[in-house]
Each structure stands twice: as C-alpha cells, then as structure tokens.
Amino acid sequence: MKDNLFIAFEGIDGSGKSTQVKLLSDNLKKAGHKVYSTFEPTDGPIGSVIRNIFNNRIEADHRTIAGLFVADRLDHLLNKTNGILKKLQEGYTVITDRYYFSSYAYHGVHMPMDWVIEANSMSADLLRPDLNIYIDISPEISMNRLSKGRSSMELYETIENLIKVRNKYLEALEQLKFKEKIFITDGNRPSEIIAIDVWNEFHP
Ligand code: ADP
Ligand code: TYD
C-alpha cells in the first residue's frame, strides 16, 4: 500500500459514510498509518454559509449553492492551517466524507452535470482521490435511518430527491469510470460487513 493515500467516501445522505470513515480510520491506524479524517461541507467559513442555507437560515438558489461548494472544496484543499494538501505533505492518510462526486450527484439534479464537473475541474486537477468509495444504498433505507436520529430534515433530504441524487451518482460513476478509481460497496448491509468489504479493497 502507498504510504499516505487520499480516500473519499461518497453516497446519499444516511448511506453510512461517517460510520465507514471512522471504521476505516481505526483500521488504518491499527496498521500503523497516520490518519486525518475530514468532511464536506467543511467547518470553515464557506462551509458555514452552506450549513446556514441547509438549515433555512439563509435562502439561496441551487446554482449559488453549487458555486459555494466549488469554493468550499478549494478551501478544503488549499487552506494553510489544515488543508488536505498540507495534511498529505505531513504524511497523513486523508479520508474525506464527501468530495467532488457529491457535487456531480447533488447539483447534477438541478443543472447539467457537465457544468458541475467543469466547475470542479480545478479541484480534480489538484487532487484526485486514490480511491472513491461509493456506498450504494436504497433511498428508502437511508431515509428510515435518518428520520430515526433527527427531529427535522435538511434541504436535500426527501425521498424524491434522494432517488434522483442516487441516479445522478450512478450516472457520474459510469461516466468517469476510466478517469477515476472507484469502488462500489452495497450499503444495505450491516456496517461491520461493509467495513470488511472496504478493508479488503486495501489488502486484496
Ligand atoms: P452518513 O454519514 O452517510 O449520513 P451515517 O454514518 O451518519 O451516514 O449513518 C446514518 C445513520 O445510520 C446513523 O444513525 C448510523 O448509526 C446508521 N447506520 C450507519 N451504517 C449503518 C448500517 N450499515 N446499517 C444500519 N444502520 C447504519
Ligand atoms: P453531510 O453533512 O455530509 O450530510 P449527511 O451526513 O447527511 O450525508 O452533507 C450535507 C449536505 O450537503 C448533503 O445533503 C449533501 C450536500 N452536498 C452537496 O449538495 N454538494 C456537495 O458538493 C457536497 C459535498 C454536499
């Protein structure tokens, strides 16, 4: 295994990304790697504007939101305090909960996906994941999981939207299968089983 990797977890809301980020991070640490886990939208200044939109504190058009994610991702990569590029230079394996495939899928519902891919090309040129792990799950199951833990749902968390987002994910993964390293895992299974599936991808 290369010493420090950049790994992105992808999937619709409630697909189990944060759970798998934690499990993979634990496994990599046990194997002796330095691991830095991170997420998008970030907790930086642009990410907090995005969160205010999702919480209905600020109103914004979907195109504006797509643009904010482009900026948030560049800051995620480039900021001098804890940017991903800096962490990789320091020898960390970086695992992110969401990266540009999230933009392709979520914004591809509202505008041409090619525009979204083009708008994110600076990030893709700076850093492509060594592996994009897509957790594929039925939108009904993910909505059930989310509604158990929440009193209110966010902007994109409706069953109709998650069905569309899942279809856009599958479209983007197919379109970019020769350009990107992609691993698809069945997220409808218990988290321990998915974690083994993911781990086996690192130790074939
Ligand atoms: P995401 O980060 O993709 O939104 P989470 O990891 O936060 O997803 O999981 C959403 C909810 O589903 C949490 O309550 C979590 O405990 C639960 N969960 C995660 N993975 C599984 C799984 N494989 N089977 C059942 N429940 C799960
Ligand atoms: P997140 O906090 O990861 O939600 P969850 O843990 O439920 O998956 O992401 C918040 C929302 O941001 C989620 O609905 C997906 C959306 N999103 C986009 O619309 N575009 C993007 O580029 C990214 C990274 C996320």
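Please treat every number below as a calculation from the coordinates, not as lab data. Since the model is a prediction, treat every value here as computed from it, not as a measurement. Using ideal geometry, Cβ is built from the backbone for each residue, glycine included, and neighbour counts are taken over all protein chains shown.
Net length available on complete extension from Arg189 to Asn56 is 44.6 nm, with 0.36 nm assigned per residue and the Cα-Cα distance removed.
Subtract the Cα-Cα distance of Leu170 and Lys148 from 0.36 nm times their separation in residues, and report this length gain in nm to one decimal.
Values: separation 22, 0.36 × 22 = 7.92 nm, distance 2.63 nm.
So the chain would gain 5.3 nm between Leu170 and Lys148.
Measuring between alpha carbons in the structure, the pairs from Lys86/Lys168; Lys30/Lys164; Lys30/Lys179; Lys29/Lys87; Lys30/Lys148; Lys87/Lys164 lying more than 26 angstrom apart are Lys86/Lys168; Lys30/Lys164; Lys30/Lys179; Lys30/Lys148; Lys87/Lys164.
The Cα atoms of the range 1-145 cover 44, 37, 29 Å along the three principal axes, with the biggest extent listed first.
Comparing Cα centroids, the range 53-82 and the range 153-167 end up 19 angstrom apart.
Mind ordering 52-58, 21-27 by average Cβ neighbours within 10 Å, highest first? Before the final figure, lay out each step's value.
Numbers: 52-58: 12.7, 21-27: 17.7.
In descending order of packing, they fall as 21-27, 52-58.
Residues whose amide H lies under 5 Å from that of Val35, counting only those 5 or more places away or on a different chain, are Thr93; hydrogens are built 1.01 Å from N in the peptide plane. Length gained on full extension, Ser18 to Ala31, computed as 0.36 nm times the residue gap minus the Cα-Cα distance: 2.7 nm.
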